[in-house]
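Here is the structure we will look at.
Throughout, read-outs are computed from the coordinates displayed, never taken from laboratory work. All of these numbers come straight from a predicted model, not from anything done at the bench. A quick note on method: Cβ atoms are made from the backbone with ideal geometry, for glycine too, and the neighbour counts reach across all protein chains shown.
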Amino acid sequence: MPMRKSLPGILSVCVFVLAGAAGLAGQRSTSAKARVDKPDDWIMFVGTYTKAPSKGIYAYRFQAATGEITPLGTAGLAAETENPSFLAVHPNQRFLYAVNEVNAGLVSAFSIDRATGTLTLLNRVSSRGGSPCHVSVDRSGKWVFVANYGGGSVAVFPVQDDGKLGESKAVFQPAGSSVNKARQSGPHGHAVVVSPDNQFLLSVDLGLDKVFAHRIDPKAGLVVSELQFSAIAPGSGPRHLEIRSDGKFAYVLNEMLSSVGAYAYDASRGKLAALQTISTLPEGATAENSGAEIILHPTGKFLYTSNRGHDSIAIFRVDAAKGTLTAAGHVLTQGKTPRGFAVDPSGHFLVAGNQNSGTVVVFRIDQQTGGLTPTGTTLQVGSPVNVVFSKR
């Protein structure tokens, strides 16, 4: 998988990696430990749809100090697996979980080789629904949650000590519909988000215009009998959700209306109280568009969303006290259909995947304004869908 790189030094890094594989195997353990100990050294995993040329999950070394990216393994391929469209890293950084977005949905568990970025399949289980599109791990590392778009169910899986997934312990199956008959004739689960205090799982349903709040049970994983939810404006099509790290505010990206809802978050009940709705598009935009991803900056000062159609990242400033948003501009992603993106753990770079042009583009974040400037780094990755970081 070729890579375009304008930053200097990348050729020497690639030569070093190849030389190490060919003749310096005896030094692997020492050099690997040195890399693990670097606070700015990460593995960036990219989940994809596996139509040619993509084969699965790709891995890159990401240096947060410079934004420099180097493919790991063979042209970055970390594991061959079908449609690994969304990824989640275990809190211990040793395991990665991927939904396989196929009709008979699956969830795959992998161990992470932090020296090489290689993923080793541990096991694979049914997602208990069709076309799973989102996965998360609770903060204790004991439970994995999956949202199934087809049918709308939410499933809960125990994590074993070796990282493998046990069979599902609970399944939440909502019912109903909403106002857009073409898109909302039934439930469509689209995100499962763990609250900062690990007390609730918020499951976002695009088909029902609802965000369900499930209490996390240390023994059963999830309480699925409680039908507690927050209603989103009819026809919004809520897709993904972010909760501020202090647990005071939450933000819901509405796919169908290309908007973001800002909410006060009641941590005692997992409930949302509406504060504001703001468009993800610039004034006067006429292109057909749908929202895809929403990410809060690690400082909580900025919020970003991706626009598929306008092909941009929308930038918002966050009022620290009120939780409301102010539009702060848009940056084109230099490709088609930006879907998943991520802000690196240092908060200095945003990495955006352009699904329909097969590129991943890196932007530098202005720490004062939240503005984005292309660094000149572009990776060739077939049908990128999701980006996550793991400590190296």
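To the nearest 0.05, what FRET efficiency results for Arg124 and Gln334 with a Förster distance of 25 Å applied to their C-beta separation?
0.10
Under the rule of at least 5 residues apart or a separate chain, name every residue whose amide H is placed under 5 Å from the amide H of Gly150.
Residues meeting the criterion, in which the H sits 1.01 Å from N, are Gly130, Ser131.
Once the Cβ-Cβ distance between Ala65 and Val179 is put in as r, and R0 is 30 Å, what FRET efficiency do you end up with, to the nearest 0.05?
Efficiency computed from Cβ-Cβ geometry: 0.05.
Helix-derived [θ] at 222 nm for the chain: sum -39500 (n - 2.57) over DSSP H runs of at least 4, divide by residue count, nearest 500?
Result for the chain: -2000 deg cm²/dmol, rounded to the nearest 500.
Tell me, in nm to one decimal, what length is gained between Gln93 and Lys391 on full extension, where the rule is 0.36 nm per residue of separation less the Cα-Cα distance?
This chain segment gains 106.7 nm when fully extended.
How fast does segment 300-361 diffuse by Stokes-Einstein, in µm²/s, taking the Kirkwood radius from C-alpha pairs at 37 °C and 0.692 mPa s?
So the translational diffusion coefficient is about 270 µm²/s.
Which value results for Rg/Rh of segment 188-272 when Rg is the Cα radius of gyration and Rh the Kirkwood radius based on the inverse mean 1/r?
We get a ratio of 0.95 for segment 188-272.
Is the shape of segment 81-157 rounded, prolate or oblate, going by the alpha carbon gyration tensor and its root eigenvalues a ≥ b ≥ c, with a/c under 1.5 for rounded and a/b larger than b/c for prolate?
Cα axes put segment 81-157 in the oblate bin.
Charges only on Cβ, +1 for Lys and Arg, -1 for Asp and Glu: so what's the dipole of segment 144-234 about the Cα centre, in debye to the nearest 20?
Once rounded to the nearest 20, the dipole reads 280 debye.
Stick to Cα atoms and the Kirkwood definition of Rh, then tell me Rg/Rh for the chain.
Radius of gyration over Kirkwood radius for the chain works out to 0.95.
Could you list the square roots of 5 times each eigenvalue of the Cα gyration tensor of segment 28-164, that is, the equivalent ellipsoid semi-axes, sorted largest first and rounded to whole Å?
27, 17, 12
Which distance in nm do the two modelled labels at Ala267 and Ala287 give, with both placed 7 Å along the Cα-to-Cβ direction?
So the label points at Ala267 and Ala287 sit 4.0 nm apart.
In nm, to one decimal, how far is the Gln367 label point from the Ala327 one, both placed 7 Å along Cα→Cβ?
Distance between the two pseudo-spin positions: 2.9 nm.
Can you give me the P(r) profile for segment 336-386? Cα pairs, bins 5 angstrom wide beginning at 0, each as a whole percent.
5, 24, 29, 23, 13, 5, 1
Decide, for segment 211-354, between rounded, prolate and oblate: order the square roots of the alpha carbon gyration tensor eigenvalues as a ≥ b ≥ c, take rounded if a/c falls under 1.5, and otherwise choose prolate if a/b is larger than b/c, else oblate.
Because a/c hits 1.5 or more and a/b exceeds b/c, segment 211-354 counts as prolate.
With label points built 7 Å along Cα→Cβ from the Cα atoms of Leu227 and Ala104, find their separation and express it in nm.
Here the modelled spin labels are 3.2 nm apart.
Would you please state the base-10 log of I(q)/I(0) at q = 0.17, 0.26, 0.28 1/Å for segment 149-212, with intensities from the Debye formula using one equal scatterer on every alpha carbon?
Rounded to two decimals, the profile gives -0.65, -1.07, -1.14.
Take the alpha-carbon centre of segment 177-243, take the same for segment 321-392, and report the distance between them in whole Å.
Using only Cα atoms, the two centres lie 25 Å from each other.
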